[in-house]
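First comes the structure, then the notes that go with it.
The values are calculated or read from the model by the stated rules, or taken from the named source; none is laboratory data. Every value quoted in this text rests on a predicted model; they were computed, and no experiment measured them. Glycine also receives a Cβ, built like all others from the backbone with ideal geometry; neighbour counts cover every protein chain displayed. To get the accessible areas, we keep the full protein, side chains included, count just its heavy atoms, and leave off ligands, DNA and RNA. Shrake-Rupley method; radii C 1.70, N 1.55, O 1.52, S 1.80 Å.
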Amino acid sequence: MNMLKAAIVGLALTSSTTLVRADVITDWNKAAMDVMKAVNVAGNPWTRSMALVNVSMADAVNSVQNRYARYTTELPIDPNASAEAAAAAAAREILMRQYPGQKARIDAAFTETMQTIPDNPARVAGIALGEKVAAAIFAERQSDATNVPDTYRPITTPGVWVPTTPPLFPQYATAKPWGMESASQFRPGPPPALNSALYARDYNETKEMGGAKSTKRTDAQSDAVRFWTQANLAPAWYQAATEVSARRGLPVAENARLFALMSMALANCFIVDWDAKFQYNSWRPITAIRNGDQDGNDATERDAGWQPLNATPMHPEYPSPAGINAGAARGVLETVFGNGLESFVATDISDARLSRSFASFAQMDQEHKEVRIWGGIHFRNSLEVGEEMGRKIAAHLLANYMMPVR
């Protein structure tokens, strides 16, 4: 818990002096986030869009520099093109295909990038190349089944009422992941049995720490819960990657690879998680705690009026996407940068006055998970299992995709 206390104290501090050196990759990550913020895209589709943008940019850069293997290999290499122009054109093409209503915003970002690149044949070639790469990536992902009709069938007994708000994006349970065999490739075993000591441990921890009226949760922990909304979960890892990559001065090909691998990993999180969630259909703490007298466990006392601090998301509890996200992003970032001290700040995407300061990826990972318990929407085992799944996703992608060209 010492790391968590340091992170909480760090809320009032700033990161060590870091001069953020923007490049085409981080510029277009910010542009993509701005576009999606303008149209209120979050969660599963947000991570899919970021993967489309970053994989397209990485393939565009490596279609010029040929430093790392590309996700799609059918397009030729053009060493005479501008890698920066190719990356910007690829990102613009992806964003325009998904969010045409944001044309003015996207065009403004593209114009700004072009002002930094000499107007010569290399720029022209780079733009053409980037557009071709983006078109190929976009076409390949049209069969990923993320947009199939929602046909989720509630589990019920005929005549018995069930909540009628549908779960969020149930089709992701059968979607095609990035660079994996199937959504079930890293599916974990079932959650703890309701009559087990592990279940009772987690039940009572969440009941005590995550209730809206909890007297065990500190004010600092409540502040952390309020910061780590769904809107900040993935963007915070992009902010961390941007700050650290700028401080390390990563060249464009290395930066493109970093963000592509992290984006693929985070996009896969929702796919592998939804596969497992809808396989097990495990109840949320609010349901479990209000029905603690029906779980067959003498160590779980019912609280009929229990409410979580956070609003409960509309999908099953096990495993936790926050755990998977943290494990996947941390796995990629620590492989690239190491697991030592790295200071950075995560800022609320809607209110720049709110931020969290961290001294390592591990520290942010830990708080990223703990807040789901403090907020009353997850059990600890679900977070631990999720983090292990995220680690496996990261390791698989790092071992099989965007490897150095020999």
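The one condition from (1) in contact with a Phe, Trp or Tyr (Cβ under 6 Å, 6 or more places away or on another chain); (2) open to solvent by 10 Å² or more (accessible area, probe 1.4 Å) that residue 196 does not meet is (1). Report, by residue number, each residue of region 1-39 that is part of a loop (DSSP other than H, G, I, E, B), farther than 22 Å from residue 257 by Cβ and modelled with pLDDT under 95. Scanning region 1-39 gives 1, 13, 14, 15, 16, 17, 19.
Can you tell me which residue within region 112-136, out of those that are of a type outside the set (A, V, I, L, M), assigned to a helix (DSSP H, G or I) and closer than 10 Å to residue 88 by Cβ, is farthest from the chain's Cα centre (by Cα)? Taking the candidates together, the pick is 123.
Between 382, 320, the distinction of being surrounded by 24 or more Cβ atoms within 10 Å (Cβ to Cβ), under 23 Å from residue 221 (Cβ atoms) and out of contact with any Asp or Glu (no Cβ under 7 Å at 6 or more places or on another chain) belongs to 320 only. If the condition is being open to solvent by 10 Å² or more (accessible area, probe 1.4 Å) and not charged (D, E, K, R), then region 254-269 contributes no residue at all. Taken together, 153, 123, 105 contain a single residue that is of a type in the set (Lys, Arg) and modelled with pLDDT under 90, which is 153. Here 151, 165 are screened, and the one residue that is within 20 Å of residue 315 (Cα to Cα), exposed (fewer than 12 other Cβ atoms within 10 Å of the Cβ) and free of Cβ contacts under 8 Å to residues at least 40 places away in the same chain is 151. For region 222-253, the candidate set comprises residues that are of a type in the set (Lys, Arg) and under 26 Å from residue 68 (Cα atoms); within that set, the residue that is least open to solvent (accessible area, probe 1.4 Å) is 247. Taken over region 385-406, the residue count meeting the criterion of being farther than 17 Å from residue 316 by Cβ and in a helix (DSSP H, G or I) is 13. Pairs are defined by a Cβ separation below 8 Å, a sequence spacing of at least 6 or placement on different chains, a first member in region 326-354 that is in contact (Cβ under 8 Å) with a residue 40 or more places away in the chain and among the aromatic types (Phe, Trp, Tyr), and a second member that is assigned to a loop (DSSP other than H, G, I, E, B) and open to solvent by 10 Å² or more (accessible area, probe 1.4 Å); the pairs so defined are 344/15; 344/18.
Does residue 305 satisfy being within 30 Å of residue 84 (Cα to Cα) and surrounded by fewer than 18 Cβ atoms within 10 Å (Cβ to Cβ)? No; evaluated as a whole, the condition is false for this residue. Do you know which of the residues in region 202-220 that are of a type outside the set (Lys, Arg), open to solvent by 20 Å² or more (accessible area, probe 1.4 Å) and assigned to a helix (DSSP H, G or I) is farthest from residue 304 (Cα to Cα)? Filtering first and then ranking leaves 220. Of the candidates 81, 31, 88, 109, the single residue that is closer than 28 Å to residue 171 by Cα and among the small types (Gly, Ala, Ser) is 31. I want to confirm something. Restricting to region 340-357 and keeping residues that are open to solvent by less than 10 Å² (accessible area, probe 1.4 Å) and hydrophobic (A, V, I, L, M, F, W, C), which single residue is farthest from residue 34 (Cα to Cα)? Out of the qualifying residues, it is 344. Residue count for region 46-92 under the criterion of being part of a helix (DSSP H, G or I) and either among the small types (Gly, Ala, Ser) or open to solvent by less than 40 Å² (accessible area, probe 1.4 Å) (or both): the result is 27. List, please: which pairs have Cβ atoms under 7 Å, are six or more places apart or on different chains, and start with a residue in region 366-382 that is within 16 Å of residue 308 (Cβ to Cβ) and among the hydroxyl-bearing types (Ser, Thr, Tyr) and end with one that is open to solvent by 10 Å² or more (accessible area, probe 1.4 Å) and at pLDDT 95 or above? Hits for this filter: 382/191.
If we keep just the residues of region 102-127 that are in contact (Cβ under 8 Å) with a residue 40 or more places away in the chain and closer than 20 Å to residue 66 by Cβ, which is surrounded by the most Cβ atoms within 10 Å (Cβ to Cβ)? Taking the candidates together, the pick is 126.
Taking the condition polar (S, T, N, Q), within 22 Å of residue 367 (Cα to Cα) and surrounded by 13 or more Cβ atoms within 10 Å (Cβ to Cβ), does residue 300 pass?
So residue 300 fails the test.
Of all the criteria given as (1) open to solvent by 10 Å² or more (accessible area, probe 1.4 Å); (2) over 23 Å from residue 361 (Cβ atoms), the one not satisfied by residue 175 is (1). Checking residue 145 against (1) at pLDDT 95 or above; (2) among the hydrophobic types (A, V, I, L, M, F, W, C); (3) surrounded by 12 or more Cβ atoms within 10 Å (Cβ to Cβ), which single condition isn't satisfied? So residue 145 meets the others, but not (1).
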